[in-house]
1. Just wondering, is there one or more residues in the stretch 51-60 that are at pLDDT 70 or above, open to solvent by 80 Å² or more (accessible area, probe 1.4 Å) and of a type outside the set (S, T, Y)?
2. Filter the stretch 1-17 for residues that are outside any helix (DSSP H, G or I) and in contact with a strand residue (DSSP E or B) (Cβ under 7 Å, 6 or more places away or on another chain); which is least open to solvent (accessible area, probe 1.4 Å)?
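The values are calculated or read from the model by the stated rules, or taken from the named source; none is laboratory data. Small disclaimer: the values here were computed from a predicted structure and weren't measured. Cβ placement follows ideal geometry from the backbone for every residue including glycine, while neighbour counts extend to all protein chains displayed. Remember, those area values only see protein heavy atoms, side chains included, never the ligands or the DNA or RNA. Shrake-Rupley method; radii C 1.70, N 1.55, O 1.52, S 1.80 Å.
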Amino acid sequence: MLTTGQALHTKDREQLIAWLLASRTGADLIRAGLPKTWTIDDKTGTDSDGFGGGNDIAVIWPEKGAAPLIMAISTNRTPGLATGKKTIE
């Protein structure tokens, strides 16, 4: 994973993490279901094919210095229904 491994130079990895942390698109998804004191960087997505699916992938640090948790959630819905944000939360 780019945010936890050595694939990126340290400064590039720190920049990517900063961008993910600053993103608010996932505020009502994985972030909404976890303690506010945890550090969570995530990337969200919503299907545009009319099936109402959604997804969120996150790197979660429960506390400073703790090993990160990596979580990925993907949902699928009946055509025409709104995305299931509460399902991801």
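1. Taking the stretch 51-60 and keeping what is at pLDDT 70 or above, we get 54-60.
Imposing the further condition that a residue be open to solvent by 80 Å² or more (accessible area, probe 1.4 Å) reduces the set to none.
Scanning the stretch 51-60, I find no residue that is at pLDDT 70 or above, open to solvent by 80 Å² or more (accessible area, probe 1.4 Å) and of a type outside the set (S, T, Y), so the answer is no.
2. Start the filter on the stretch 1-17 by keeping residues that are outside any helix (DSSP H, G or I), which leaves 1-9.
Checking the rest, the ones that are also in contact with a strand residue (DSSP E or B) (Cβ under 7 Å, 6 or more places away or on another chain) come to 1, 3-4.
Working: M1: 110, T3: 11, T4: 57 Å².
Among them, the one singled out is T3.
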